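Input: a single structure, listed below in structure tokens.
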Amino acid sequence: MTSRRPRHGMAVAALTNPNNHNNPTMTMNKNFVEELKWRGMLAQIMPGTEEYLNGHRVSAYLGTDPTADSLHIGHLCGVMMLRHLQRCGHRPIALVGGATGMIGDPSGKSLERNLLDEETLRHNQECIKKQLAKFLDFESDAPNRAELVNNYDWMKDFSFLDFAREVGKHITVNYMMAKESVQQRLNGTARDGLSFTEFTYQLLQGYDFLHLYRHHGVRLQLGGNDQWGNMTTGTELIRRTLGSDAEPAFALTCPLITKADGKKFGKTESGNVWLDPKRTSPYRFYQFWLNTGDDEAERYIKIFTSLDRDTIETLVADHRQDPGRRMLQKRLAEEVTVMVHSRADLDAAIEASNILFGKSTKESLRKLDEQTLLDVFDGVPRHDITADQLGQPAIELFTQSAPIFSSKGEMRKMVQGGGVSLNKEKLQASDRVVTSGDLIDGKYMLVQRGKKNYFLITVKG
């Protein structure tokens, strides 16, 4: 691979790509470190990093293990670091850890990961790149356009003997043992201790930095704060391999994002909040951000959006004046949903939200895809009926087959008072026949009893 060295001594250039309104390669000339500081996205930084960034257009990388075919919002802080880096004129490199992902990183974890075959790795890599393309410019002719690399490409043919000779000899066991992530595993957080495979992880990650330093002109590694030990191993490996006369390498980390109660960010009762709409619907994604607390929203809008400082400070001030309007949460949810999905997905998510909490129609209900429908009415009482039970009067169906009402008398009284709706339309008569034409997506009916009581009926078979 041809070596591409940075243009030393050159001030960071102002770059633009006008063809994409959401393109991070914008006309900007900002101090990257200062940008991270005010956003609360800077945890640790090696001495001299900021000065070097202010004098050079720097290529920097951040690694992600392709253990799934989608990123989740736990990855977003790192991705936003790359986005801000590019907006400040520098060049981001997203590394997919095809090799290291097959091994497992001991940092903050207690279990090794399962091995993935190459076909799965490549599939996951392509899916991740499509998601990253929403945050980074991979396609323009700008000198700081982003690049995606996979460490499996340079590690797959690396023999154990070559690795021991070229990499292992430069880093002592004592140095590796001193790392906090290793100590945590050895001190009993994992029942079975630390395997040799995992122990070598920091060497593998360190070699990534060395390889990218040599072949891609990379001088900076970005990552979460739990990666600091692995990252400094990389800078040390570069120094010991190339000598003290080589250009320095740097490391910079963002804090591990937590919720207001200190719990891990991005997890819900149903699991991860994914960027892939097939894993987490845009509606559920939107709701996650909308339901954040006030303190969380103030932190998250700085970290997970590209809004400028003045806009955010104005939003925070307005929100504090009238927290009940939840302006901050709404803007946060809007910005992140559009960035990860699209404006159309945001509009659909808002419309879906109004089905429960605002005015809506049968038409808006029918526009929902199946997953969004199930997400919107997650937790409401559900009844299952069979297809041959259709064709009955509503009063029979909703008191016997799907007992939403305790008696026919109760239902008649509520229908007469206008308190029963089928698929967001008032039920005019209790003996109205319910047919397959009333089904949403061919198998669902939504019954509303009073203003707030919803029931979802699923037709089986």
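Quick notes on this one:
- Per this entry, VAL380 is not counted among residues that are of a type in the set (A, V, I, L, M), in contact with a Leu (Cβ under 9 Å, 6 or more places away or on another chain) and buried (at least 16 other Cβ atoms within 10 Å of the Cβ).
- Helices (runs of 4 or more DSSP H) wholly inside the range 193-291 containing at least 1 residues that are without any contact (Cβ under 8 Å) to a residue 60 or more places away in the chain and surrounded by 18 or more Cβ atoms within 10 Å (Cβ to Cβ): 201-216, 228-242, 282-290
- Candidates THR232, THR197, filtered to the one that is at pLDDT 80 or above, within 20 Å of GLY63 (Cβ to Cβ) and either hydroxyl-bearing (Ser, Thr, Tyr) or more than 28 Å from the chain's Cα centre (by Cα) (or both): THR232
- Cβ-Cβ under 7 Å pairs, at least 6 apart or on other chains, the range 442-461 side without any contact (Cβ under 8 Å) to a residue 24 or more places away in the chain and over 16 Å from SER364 (Cβ atoms), far side of a type in the set (Val, Ile, Thr) and part of a strand (DSSP E or B): LYS443/THR458; LYS443/VAL459
- Segments classed as helices (runs of 4 or more DSSP H), wholly inside the range 307-388, with at least 2 members that are closer than 13 Å to TYR283 by Cα and over 24 Å from the mean Cα position of the chain (by Cα): 343-357
- Residue within the range 349-365 that is more than 14 Å from LYS424 (Cβ to Cβ) and charged (D, E, K, R) present: no
- Among residues of the range 412-438, those that are free of Cβ contacts under 8 Å to residues at least 60 places away in the same chain, farther than 14 Å from GLN392 by Cα and assigned to a loop (DSSP other than H, G, I, E, B), counted: 5
- Evaluated against (1) crowded, with 24+ Cβ neighbours inside 10 Å; (2) modelled with pLDDT of 95 or more, VAL96 falls short on exactly one condition, (2).
- Out of PRO282, PRO277, PRO255, PRO248, sole residue that is under 29 Å from LEU315 (Cα atoms), touching a Gly at 6+ places or on another chain (Cβ under 9 Å) and not charged (D, E, K, R): PRO255
- Within the range 312-325, residues that are touching a residue at least 24 places away in the same chain (Cβ under 8 Å) have Cβ atoms under 8 Å from residues that are surrounded by fewer than 13 Cβ atoms within 10 Å (Cβ to Cβ) in these pairs: HIS319/ARG325, counting only partners at least 6 apart in sequence or on another chain.
- Residue selected from the range 126-172 under the condition farther than 18 Å from LEU82 by Cα and of a type in the set (Gly, Ala, Ser), by the criterion surrounded by the fewest Cβ atoms within 10 Å (Cβ to Cβ): SER159
- Among residues of the range 122-173, those that are part of a loop (DSSP other than H, G, I, E, B) and closer than 23 Å to GLN202 by Cβ, counted: 8
- One residue stands out among those in the range 221-254 that are in contact with a helix residue (DSSP H, G or I) (Cβ under 8 Å, 6 or more places away or on another chain) and of a type in the set (Ser, Thr, Tyr): the one that is nearest to GLU34 (Cα to Cα), which is THR253.
- The residues of the range 363-375 that are closer than 12 Å to ALA348 by Cβ and surrounded by 18 or more Cβ atoms within 10 Å (Cβ to Cβ), listed by number, are LEU368, THR372, LEU373, ASP375.
- Hey, SER360 small (Gly, Ala, Ser), surrounded by fewer than 20 Cβ atoms within 10 Å (Cβ to Cβ) and within 30 Å of ARG449 (Cβ to Cβ) or not: yes
- Test: residue in the range 303-310 that is closer than 25 Å to LEU42 by Cα, among the hydrophobic types (A, V, I, L, M, F, W, C) and in contact with a Gly (Cβ under 9 Å, 6 or more places away or on another chain): yes
- Among the residues listed as GLY243, GLY224, the single one being on the phi > 0 side of the Ramachandran plot, of a type outside the set (Val, Ile, Thr) and at pLDDT 90 or above: GLY243
The values are calculated or read from the model by the stated rules, or taken from the named source; none is laboratory data. Note that the structure is a prediction, hence the values are computed from the model and not measured. For neighbour counting, all protein chains shown are included, and Cβ atoms are generated from backbone atoms with ideal geometry for every residue, glycine included.
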